Each structure stands twice: as C-alpha cells, then as structure tokens.
1. Working from the pairwise distances between different alpha carbons, so that the mean of 1/r is found and then inverted, what is the range 35-104's Kirkwood radius in Å?
2. What is the angle, in °, between the Cα long axis of helix 100-115 and the longest principal axis of the Cα atoms in the chain? Nearest 10 is fine, range 0 to 90.
3. How large is the accessible surface per residue of the chain, computed with a 1.4 Å probe and reported in Å² as a whole number?
4. Run the reach check for Lys87 against lysines, Cα to Cα strictly under 19 Å, same-chain hits fewer than 8 apart removed. What comes back?
5. Can you give the charge dipole size of the range 63-143 about its Cα centre, rounded to the nearest 20 debye, using +1 on the beta carbon of Lys and Arg and -1 on the beta carbon of Asp and Glu?
6. Please give the solvent-accessible surface of Lys121 in Å², to the nearest 10, using a probe radius of 1.4 Å with every protein chain present.
7. Quick one: give the max-minus-min coordinate of the C-alpha atoms of the range 1-60 along each principal axis, largest first, in Å.
8. Using only Cα atoms and rounding to the nearest 10 degrees, what angle (0 to 90) does helix 39-51 make with the longest principal axis of the chain?
Amino acid sequence: MKIVIQRVKRASCSVNQTIISEIQQGLLLLVGVEDADTVEDMAYAVRKIVNMRIFSDEQDKLNLSVKAIPDGAILSISQFTLFAETKKGNRPSFSGAGKPNFAQAMYEQFNASLSAEIPTKAGVFGADMQITLENDGPVTIILDTKKR
C-alpha cells in the first residue's frame, strides 16, 4: 500500500458537486492498493497512521497522534494513481495498481480497521471525486508498506 498522509484543519470529498463526507481537524489519506498487498500491510499501515505523532502539543512539538487530539478524525480517499509508472513516455501507466475488486475490498477493510480506532469517513471507490482540504503545517508524509 502507498498512502499519502496529510495533516488537515478540514477536508471534504464531493461527488457530482455534493459533499459526501467531511472532517475537521485530522488526517486526509490518499490510499493506493496493489495486488501484492496483504492483511499484514494493511495492519501495519493502520497502526502507523493512528499512532503517528504529527500533531503539536502545548509546547508546539509534534508529539500527538490523531487519536490524541480533540475530535480527531480521518478522511480516507482511494487513489490508484499513486501507483503511476512514469519511466516511459508522457502518459503514466497504472498497471501497478491493484485490480479493482481486490483494491476495493482492501480499501474497505482498511477503512473498517481505521474506524475501529478513530472516527473515519471515506470517499467513493472508483468515483470521480473532488477533494477539498486545508493542509495544516503543511505536514505531508508518504507511507509505503513495502518499505518498512
């Protein structure tokens, strides 16, 4: 799995100009799945994300996780384009992305696992979504479960 983690003051997901999910302070996740991903990859990602200390404490040090901030939440968005291959030509290839049925099942299980830890909202798998966010910091981190 490849996941872009963005600390946000607020974020929302719209489909057909209708907001379908939104959060206030928390994390916006752009989640890519490949066919080689396993339940272990997913468990690792969930553990790292919910415990990652990237929110400021009273001394303005990055010591708090999303679970430790008041009303912290996650907005999770499926993002197959994280597996773009750009070595040849100018048109990216997405052949490294997970096949839709597998990727959707992993994405939904990932969101369910996150929800067991912290309030989690999601986009619509495979939909044309518009994401609005106010990046906080900015703090943006890339997590690749194959590089642990």
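The values are calculated or read from the model by the stated rules, or taken from the named source; none is laboratory data. As the structure is a prediction and not an experimental result, all values here were calculated from the model. Every residue, glycine as well, gets a Cβ built from its backbone with ideal geometry; the counts of neighbours run over all protein chains shown. Areas reflect the complete protein model, heavy atoms only, side chains present, ligands, DNA and RNA absent. Shrake-Rupley method; radii C 1.70, N 1.55, O 1.52, S 1.80 Å.
1. Details: mean 1/r = 0.0670 Å⁻¹.
Evaluated on the range 35-104, it is 14.9 Å.
2. With rounding to tens, the tilt is 10 degrees.
3. On the way: 8380 Å² over 148 residues.
Solvent-accessible surface per residue comes out at 57 Å².
4. Lys2
5. On the way: 6 positive and 7 negative charges, 88 e Å.
Its charge dipole is roughly 420 debye.
6. 100 Å²
7. 41, 35, 12
8. The two axes meet at around 30 degrees.
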